[in-house]
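The values are calculated or read from the model by the stated rules, or taken from the named source; none is laboratory data. Just so it is clear, the model here is predicted, and its values are computed rather than measured. So basically every Cβ, Gly included, is an ideal-geometry build from the backbone, and we count neighbours across all protein chains shown. Heavy atoms of the whole protein, side chains included, go into the accessibility calculation; ligands, DNA and RNA do not. Shrake-Rupley method; radii C 1.70, N 1.55, O 1.52, S 1.80 Å.
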Amino acid sequence: PSDFQENGFNTAAGNTPIYYTMTRAIAWPITTVFDLDSPVTAARLVGGLWLAVGLILTYAVGRRLKADRGPRFAALVVLAATQSVLYPAATVSPDAMIVPVGAAAVWSVLWWQEKPGSRWWALVLMSILAVLIKMTNLMVIGGLGIYLLINALPAVRARAVSLRHTRVSARTYLTAAILAGV
């Protein structure tokens, strides 16, 4: 066992099969079309696809936040070149989905803020999916919960805060934070 990572202990066994199932569903046609000898090679190529999806979603988050194109593009280049992002994208691991899960979670909160009464389901769905993909994505959901709570503070003081012509009460923010957390 000492010859292997983690002394031979399988740290991936605690993850649900969602990532692996989705990756295999995409990798299988790649293996067939490109006549690859190894399904692992195709799965690694899918890791690049997960990274691309994550970058596109991160770009969409930047657009939603009205960030300028130049800094938005530069941030994406730096993100894509970061070793802690690039390495997992090149391996077969749920860590390959860290960027798309994080970006989708942030996007879902920003989308919810536009119509909080009718889009609460997006927060709940993204929170559940993020944690089902990998339990450590709780950090992402926790960060979004803190974001929601911080946004609730001015609403507590003023009884409502205006967001893009929508009045969102502190109660709505607190409910969203609780729903995402639960």
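General remarks:
- Expected-Rg normalisation [2.2 N^0.38 Å, Cα atoms] applied to the range 1-81: 1.49
- Each 10 Å bin, from zero up to the one with the longest distance, holds this percent of the alpha carbon pairs of the chain: 9, 30, 32, 20, 8, 2, 0.
- Taking only protein heavy atoms and a 1.4 Å probe, the accessible area of the chain is 67% carbon and sulfur.
- Given charges at beta-carbon only (K, R positive; D, E negative), |dipole| of the range 1-70 in Debye: 600
- Build a GNM of the chain with springs between Cα atoms under 10 Å apart, and of Arg69, Arg119, Arg24 the one that fluctuates most is Arg69.
- For the chain, a Gaussian network of Cα nodes joined below 10 Å ranks Thr58, Thr32, Thr172 by mean-square fluctuation, and the top entry is Thr32.
- Taking the Cα centre of the chain as reference, the dipole from Cβ charges on Lys and Arg (+1) and Asp and Glu (-1) amounts to some 1280 debye.
- Sequence-ordered 3J(HN,Hα) estimates for the range 81-96 from the Karplus curve with 6.51, -1.76 and 1.60 and θ = phi - 60° stand at 8, 6, 4, 6, 9, 5, 4, x, 5, 9, 10, 9, 7, x, 5, 5 Hz, glycine and proline given as x.
- In the chain, a dipole from Cβ-located charges (positive for Lys and Arg, negative for Asp and Glu) runs towards its positive end, and of Ala60, Ser169, Val106 it is Ser169 whose Cα lies farthest in that direction.
- Accessible surface, per residue, of the chain when the full set of protein chains is kept, probe 1.4 Å, Å²: 62
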